Amino acid sequence: MITPQSNERRVLIPVRWSGGEWKVLDDSSMPKLAEGTVGELSVPASAFLNPKDTKPYLEESFAEILPALTMLWASISSNHGGPGMNELVRRGLPAKRSHENGYFMVGFLIKEPLVLRLRGTKHASLEPCPCDLPGIPQDMAVSSINQAYTRLSEQYEPQRRSHAGNVFQKVYFESTNGSFKPLEDLRFIAPALRDEQQANNRRPHH
């Protein structure tokens, strides 16, 4: 199976449904693709002959993936003109060595439970979550993990051209065995967490 990488260039093939199969919109031949290639087909919801068939693709639900007051860790490069890890530790700020060369991690605290929005077959997304950023001025309050990562990058990677990043890959949590794992890992177990939370909510309380 050929699974695309998140940063890989994508090619859009315009198609139409005709005679029980997908055909290229201009009636040219479909290009030859590698066996097992995985892609995504985007169609309007109104195209479904049975509207109920859209449910598994569009249904939204929520899963709490981390409790309030969990410390998360942003991956920071030491090569972009900011203070290094040792300097942050000297200031009493939470910082740890990363397994990646030239990187370390800066800690920040989530003030509310971190919730993942599951969106049918689309990639799950993080809900807003206020965060405390040690060492960042208090008037720079942030309301999401994305904002937290951007503020920390601006502070500790001042020479970066862009301070945005994929927080599912750039922000880590500490697992029960003490290892650090990216938030991306929680995407895979979120459906199971959601089902467990929904089951707990249905149980009678005594």
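Tabulated results
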item: Residues satisfying the stated conditions in the stretch 86-101, i.e. open to solvent by less than 100 Å² (accessible area, probe 1.4 Å) and at pLDDT below 90; result: Ser98, Glu100
item: All positions within the stretch 161-184 that are over 21 Å from Val115 (Cα atoms) and out of contact with any Ser or Thr (no Cβ under 6 Å at 6 or more places or on another chain); result: Arg161, Ser162, Asn177, Gly178, Ser179
item: Residues located in the stretch 148-167, provided they are buried (at least 17 other Cβ atoms within 10 Å of the Cβ) and among the hydroxyl-bearing types (Ser, Thr, Tyr); result: Tyr149, Thr150, Ser153, Tyr156
item: Qualifying positions in the stretch 181-206 - polar (S, T, N, Q), open to solvent by less than 70 Å² (accessible area, probe 1.4 Å) and more than 17 Å from Glu60 (Cα to Cα); result: Asn200
item: Single unsatisfied condition, Gly107 versus (1) on the phi < 0 side of the Ramachandran plot; (2) modelled with pLDDT under 90; (3) not in a helix (DSSP H, G or I); result: (2)
item: Pick from the stretch 168-180, criterion of a type outside the set (A, V, I, L, M, F, W, C) and surrounded by 13 or more Cβ atoms within 10 Å (Cβ to Cβ), ranking: nearest to the chain's Cα centre (by Cα); result: Gln169
item: Selected residue (criterion: modelled with the highest pLDDT) from residues of the stretch 131-172 that are assigned to a loop (DSSP other than H, G, I, E, B) and touching a Leu at 6+ places or on another chain (Cβ under 9 Å); result: Ser144
item: Condition met for Glu8 (touching a Ser or Thr at 6+ places or on another chain (Cβ under 8 Å), open to solvent by 60 Å² or more (accessible area, probe 1.4 Å) and either modelled with pLDDT of 85 or more or part of a loop (DSSP other than H, G, I, E, B) (or both)); result: no
item: Boolean, Ser28 is open to solvent by 90 Å² or more (accessible area, probe 1.4 Å), over 20 Å from Ala190 (Cβ atoms) and small (Gly, Ala, Ser); result: no
item: Subset of the stretch 110-130 (residues that are among the charged types (D, E, K, R), in a loop (DSSP other than H, G, I, E, B) and touching a strand residue (DSSP E or B) at 6+ places or on another chain (Cβ under 7 Å)); result: Lys111, Glu127
item: Cβ-Cβ under 8 Å pairs, at least 6 apart or on other chains, the stretch 54-78 side among the acidic types (Asp, Glu), far side open to solvent by 80 Å² or more (accessible area, probe 1.4 Å); result: none
item: Sole exception among (1) farther than 17 Å from Arg187 by Cα; (2) surrounded by fewer than 16 Cβ atoms within 10 Å (Cβ to Cβ); (3) among the hydroxyl-bearing types (Ser, Thr, Tyr) for Ser125, by number; result: (1)
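The values are calculated or read from the model by the stated rules, or taken from the named source; none is laboratory data. Note that the structure is predicted; figures quoted are calculated from it, not measured. Neighbour counts run over all protein chains shown; Cβ positions are idealised from the backbone, glycine included. Side chains included, ligands, DNA and RNA excluded: accessible areas come from the protein's heavy atoms. Shrake-Rupley method; radii C 1.70, N 1.55, O 1.52, S 1.80 Å.
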